Amino acid sequence: MDLVRAEKETILKLADQSHQQCISIFIPTHVRGKEVNERQDQLAFKNHSQTIRRALEQQSLRSNDIDELMQPLESLLDNSPFWRHQREGLAVFRNPDYFAVFQSPLPLENSCHLDSSFRVRPLLTFAEPFPIYYVLQVGKDGVVLYQADPFSISQVDTGEVMPLGLSDITQYYDFEEELQGRTTGRGGMATRYTSDDLDNKEKGHLLADYFRLIDEGVIKLMGTRNVPLLLASVAYYQPIYQQINSYPYLRKEGLTGNFDHVQPRDIHRMANELLIDDFRQNRQLRIDQYQQHSGTSLVSRDLRQLLTAAVMGRIDVLFLQSEADVWGHFDEATLATTLHDERQPDDQSLLDRVALLTLRQGGEVYMVDDMTIVDPQGSGSVAALFRF
């Protein structure tokens, strides 16, 4: 089983899979709560698996072939740890040559499909160009650097670049302990603290030295590229680190609190909430560009024209209505297009087809719930801005 990350390259790889028995299962899942305890996600997946098995039996396949195809799916049902560590959605893809699982940070549709290719529409959102950012978690016991985007977060290997904690600095300080009375330090600089805390002035000096080491590590790892950095630390650290910082894209507003025992997914959620306006900027820019060219030959809502343009690499930005679909056939060699009012045997989703062709040619694809957001005067389920 491959646990895949849904991104442009993965989606295109899925779309390239072709077999008479391509199984796609999507369910919304739960991170915690009674739904997990009552195994509701497993039950939903079991129901889809049984539906797929019945559909395979109608294809007159040998029972051994059906069992072999379904075995990885049905084995998931007995994998209790797998179901206890879900996110917001689950997508499973299986054909005789391929088996992959994607745990989605967003809820997914509740559906199953048996076709000659995998259904990728529910994952197209993850092919959108989205910004990356970093979160610098600083505590007295160490530093963690995360790389994230709106859908994922992962810890960066900082090697020996970052200090292990305040202990990397305190080895150069000598302290006088004030317990019941004051004791004599070991010599050199003496710093007083009460109840395991440092005097404010000396504490500031120590933290400044600690933060300088961290700042040096950040610059070594990230340089000065234009990527946002959020500081996650207790409130006391924030203004001191801001003064020490030399990374030009550190955000003034950070995540405040003690994050020593906070899970990365919770840090990710808080960071996303803080950066939500940043995530919307590129999408809104592309919508503005489409509207600026409205009424010119650089925009179109005609699916036949868009399919031809996608093959030629003309589409710069494609907007697709999430719940819509158009069925038919498209021949890339002859550019012949056939549209049907309702899905017929061997039809393909032409909206998925134009989206995948756009992605393969380096264009951007955005899923929208309402196309009037893009084109207030228009109608239909698809629109595009051309490069030329």
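Within region 121-132, one or more residues are more than 30 Å from TRP327 (Cβ to Cβ), in contact (Cβ under 8 Å) with a residue 60 or more places away in the chain and touching a helix residue (DSSP H, G or I) at 6+ places or on another chain (Cβ under 8 Å). If the condition is being over 18 Å from GLN21 (Cα atoms) and either touching a residue at least 12 places away in the same chain (Cβ under 8 Å) or among the β-branched types (Val, Ile, Thr) (or both), then region 47-84 contributes LEU76, LEU77, TRP83, ARG84.
Within the set GLY257, GLY223, the sole residue that is at pLDDT 95 or above and at positive phi turns out to be GLY257.
Scanning region 318-338 for residues that are over 14 Å from LEU351 (Cα atoms) and within 32 Å of the chain's Cα centre (by Cα) yields a single hit, GLU332. Condition first: out of contact with any strand residue (DSSP E or B) (no Cβ under 7 Å at 6 or more places or on another chain) and within 30 Å of GLN59 (Cα to Cα). Now tell me which residues in region 1-40 satisfy that. Scanning region 1-40 gives THR10, ILE11, LEU12, LYS13, ALA15, ASP16, SER18, GLN20, GLN40. The residue that is farthest from GLU74 (Cα to Cα), counting only those in region 99-117 that are part of a strand (DSSP E or B) and either open to solvent by less than 20 Å² (accessible area, probe 1.4 Å) or polar (S, T, N, Q) (or both), is SER104. Contact map, region 1-15: residues that are more than 18 Å from ARG94 (Cβ to Cβ) paired with residues that are at pLDDT below 75, Cβ distance under 7 Å, separation 6+ or inter-chain. No pairs are found.
Of the residues making up region 219-243, just one is of a type in the set (Val, Ile, Thr) and buried (at least 16 other Cβ atoms within 10 Å of the Cβ), namely ILE240.
In region 335-357, the residues that are open to solvent by 60 Å² or more (accessible area, probe 1.4 Å) form Cβ pairs under 6 Å with partners that are assigned to a strand (DSSP E or B), at six or more places apart or across chains, as follows: THR338/GLY328; THR338/HIS329; LEU339/GLY328; ARG343/TRP327. Of the residues making up region 18-40, those that are crowded, with 18+ Cβ neighbours inside 10 Å and either more than 23 Å from SER80 (Cα to Cα) or acidic (Asp, Glu) (or both) are GLN21, CYS22.
This table checks each residue for (1) in contact with a Gly (Cβ under 8 Å, 6 or more places away or on another chain); (2) outside any helix (DSSP H, G or I); (3) modelled with pLDDT under 95.
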position	(1), (2), (3)
ARG32	no, yes, yes
GLN42	no, no, no
LEU56	no, no, no
LEU61	no, yes, yes
ARG87	no, yes, yes
ARG119	no, yes, no
LEU123	no, no, no
PHE126	no, no, yes
VAL135	no, yes, no
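When the criteria are applied in full, ARG283 meets the requirement of being at pLDDT below 95 and surrounded by 15 or more Cβ atoms within 10 Å (Cβ to Cβ).
Within region 16-30, the set of residues being at pLDDT below 95 and small (Gly, Ala, Ser) comprises just one member, SER18. Per the conditions (1) within 20 Å of the chain's Cα centre (by Cα); (2) surrounded by 15 or more Cβ atoms within 10 Å (Cβ to Cβ); (3) of a type outside the set (Lys, Arg), the sole criterion not satisfied by VAL299 is (1).
Residues checked against (1) assigned to a helix (DSSP H, G or I); (2) buried (at least 18 other Cβ atoms within 10 Å of the Cβ):
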site: ASP277; (1), (2): yes, no
site: ALA309; (1), (2): yes, yes
site: VAL317; (1), (2): no, yes
site: ALA324; (1), (2): no, no
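Restricting attention to region 358-374, and to residues there that are open to solvent by 10 Å² or more (accessible area, probe 1.4 Å) and assigned to a loop (DSSP other than H, G, I, E, B), which single residue is farthest from LEU12 (Cα to Cα)? Once the filter is applied, the top-ranked residue is ASP370.
Considering only residues that are touching a strand residue (DSSP E or B) at 6+ places or on another chain (Cβ under 8 Å), among the hydroxyl-bearing types (Ser, Thr, Tyr) and open to solvent by 40 Å² or more (accessible area, probe 1.4 Å), look in region 244-275 and name the one that is nearest to THR224 (Cα to Cα). Only one residue fits best here, namely TYR249. Has region 10-24 got at least one residue that is of a type in the set (A, V, I, L, M) and outside any helix (DSSP H, G or I)? Yes: one or more hits. Exactly one of these conditions fails for ARG94: (1) assigned to a strand (DSSP E or B); (2) within 20 Å of the chain's Cα centre (by Cα); (3) buried (at least 18 other Cβ atoms within 10 Å of the Cβ). Give me its number. With (1) assigned to a strand (DSSP E or B); (2) within 20 Å of the chain's Cα centre (by Cα); (3) buried (at least 18 other Cβ atoms within 10 Å of the Cβ) applied to ARG94, the lone miss is (2).
The values are calculated or read from the model by the stated rules, or taken from the named source; none is laboratory data. Remember, predicted model here, so these are calculated numbers, not experimental data. Cβ atoms come from the backbone with ideal geometry, glycine included; neighbour counts cover every protein chain shown. Each accessible area value is taken on the protein alone, full model and side chains, heavy atoms only, with ligands, DNA and RNA left out. Shrake-Rupley method; radii C 1.70, N 1.55, O 1.52, S 1.80 Å.
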